[in-house]
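Throughout, read-outs are computed from the coordinates displayed, never taken from laboratory work. Keep in mind that this is a model prediction, so the values were computed, not measured. Here the Cβ positions follow ideal geometry from the backbone for every residue, glycine too, while neighbour counts run over all protein chains shown.
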Amino acid sequence: MGDGSLSQEEIDALLMGADDMGGGAPFAPPSGGGAASASSGSVSPSEKDVITEILNEAMSVVGRNTSSLLDGKTVNIQCAGIDELNAAQISQEIQPGSAVVSLNMGRYSSLFVFPADFARKISMVMLGQPSEPFELDDAHLSTLSELVNHIAGSLSNSVGPKLGDDLTPQPPEVRVINSTADVPKMPEANAAKITYSVSIEGFPGSRIIQYISGSALNTWASSVRKDSPSAKGGGGIDLDFGGDAGGDFGGGGGFDFGGSAVNPVNYPSLQSHTAPASVQLPPNFDLLLDVQMVLTVELGRTKKYVKEILGLGEGSIIELDKLAGEPVDLLINGKLIAKGEVVVIDENFGVRVTDIVGPAERLAKMATN
């Protein structure tokens with residue numbers, strides 16, 4: 001830092017190397033020397049804010065889906081912060097008794113850490129048990145693995161496309177940590193620590209910690225930088241008012257942007273576009289208001305030969321013409337009218353409308369059918 005003082009990250013790194021902290025390895029940058037160390041703040045706070053917002057969108061879906069796993073209890077999961085650290089610190093941070101679910105997400109290694117008390121509480125509810133287990137057995141650990149599958153799937157479907165990254169999850173492995181030697185090793189020298197605050201109806205708040213390879217955070221930050229206004233040519237413009245800068249801007253005079261004259265825009269009055277107090281329906285239209293129509297939600301379509309259909313059986317997988325995470329189609333009497341995303345309401349599926357299909361798109365759809 002410019003004033004000679006140490007940042008909190010640098011202080012933590014120094015403490016990791018002290019003998020009285022158990023002999024943990026001191027902070028060291030990745031081999032090769034080309035990349036900045038994790039504690040140097042390679043990802044800016046503003047970039048972390050954007051990534052946090054994207055993660056929160058994914059977690060809102062996870063919360064709704066998890067509600068069905070927890071007997072309909074309201075679940076709220078939010079990203080509370082993103083930090084960078086040396087991967088050697090992870091084993092020092094995880095407390096004995098914690099449950100750790102490890103899995104690969106795309107090309108990144110990832111660990112999801114559940115504190116011991118929270119792991120017992122959430123597995124108790126998922127299994128419908130009346131009280132917390134004294135210790136976590138295979139059944140309890142399986143429920144935590146299922147929950148992580150929900151989280152990782154949502155990150156893959158929502159966060160991956162927005163940040164231009166492949167986060168396809170692989171089958172997870174879960175274990176209880178009894179000592180630092182039980183903590184799975186991260187292949188990279190640096191890691192990102194993502195803290196999720198979790199609140200479940202009727203239970204005290206808790207948190208889930210995700211550790212992921214440091215290259216993931218760097219890749220996401222690069223994607224955020226590419227999408228920033230400055231990266232798209234949105235830099236500052238020198239304004240030359242060509243004379244009296246204190247003149248009346250509303251008097252019809254133009255501005256001079258580097259030699260090109262630009263006239264001010266005259267915005268129409270908003271009063272003329274005020275919505276009418278009530279919508280006038282065509283004559284006799286009220287006769288149709290109680291007519292029922294069939295609303296269909298279509299996940300996707302495909303075409304199969306007769307021999308392929310005859311070969312279908314229990315367990316057969318049919319690949320559709322849509323990618324994971326794409327919106328579903330809402331059809332009225334077979335005609336596309338909107339698009340939406342699948343949600344879970346109590347124990348039932350539902351669809352949240354995200355886009356109303358315009359007349360031009362409907363006509364184009366009719367022409368292709």
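Note on Arg175 and Asn56: with the Förster distance fixed at 41 Å, the Cβ-Cβ geometry gives a FRET efficiency of about 0.90. Given the options Ile317, Thr302, Phe349, identify the residue whose Cα lies farthest towards the positive end of the charge dipole of the stretch 290-369 (+1 on Cβ of Lys, Arg; -1 on Cβ of Asp, Glu). So the residue we want is Thr302.
Cross-link partners of Lys73 among lysines, defined as those whose alpha carbon lies under 25 angstrom from its own and excluding same-chain residues fewer than eight positions apart: Lys121.
Would you work out which of Asn104, Ile122, Gln89 lies farthest towards the positive end of the dipole of the stretch 72-122, given +1 charges on the beta-carbon of Lys and Arg and -1 on that of Asp and Glu, about the Cα centre? The listed residue farthest towards the positive side: Ile122.
Here's the picture: charge each Lys and Arg Cβ at +1 and each Asp and Glu Cβ at -1 in the stretch 119-234, and of His150, Phe134, Ala191 the one pushed furthest to the positive end of that dipole is Ala191.
Figure legend: label point modelled 7 angstrom from the Cα of Gln129 along Cα→Cβ; no residues of the stretch 168-211 have amide N under 13 Å from it. In the structure shown, the pairs Lys303/Lys335; Lys226/Lys339; Lys303/Lys339; Lys304/Lys335; Lys162/Lys307 are assessed against 30 Å; a Cα-Cα span above that value is assigned to Lys162/Lys307.
Residue separation of Leu289 and Asp182 scaled by 0.36 nm, minus their Cα-Cα distance, works out to 32.0 nm of gained length.
Listed by chain and number, the lysines placed with their C-alpha closer than 16 angstrom to that of Lys193 are Lys48, Lys185; residues fewer than eight positions away on the same chain are left out. Scalar couplings 3J(HN,Hα) for the stretch 216-226, obtained by applying the Karplus form with A = 6.51, B = -1.76, C = 1.60 to θ = phi - 60°, are 5, 5, 5, 5, 5, 5, 4, 5, 5, 5, 5 Hz; x denotes Gly and Pro. Going by neighbour counts of Cβ atoms within 10 Å, the residues Glu84, Glu347 line up, fewest first, as Glu347, Glu84. Can you classify the stretch 290-369 as rounded, prolate or oblate using the Cα gyration tensor, where a ≥ b ≥ c are the square roots of its eigenvalues, rounded means a/c under 1.5, and otherwise it's prolate if a/b beats b/c and oblate if not? Because a/c hits 1.5 or more and a/b fails to exceed b/c, the stretch 290-369 counts as oblate.
Using the empirical formula 2.2 N^0.38 Å as the baseline, the Cα radius of gyration of the stretch 149-201 reaches a ratio of 1.42. Of the residues Ser154, Ser68, Ser131, Ser98, the one with the fewest other Cβ atoms within 10 Å heads the list, and the complete ranking is Ser131, Ser68, Ser98, Ser154.
Subtracting the Cα-Cα distance from 0.36 nm times the residue separation, let me have the gained length for Asp346 to Asn149 in nm, one decimal.
Length difference between fully extended and current span is 68.9 nm.
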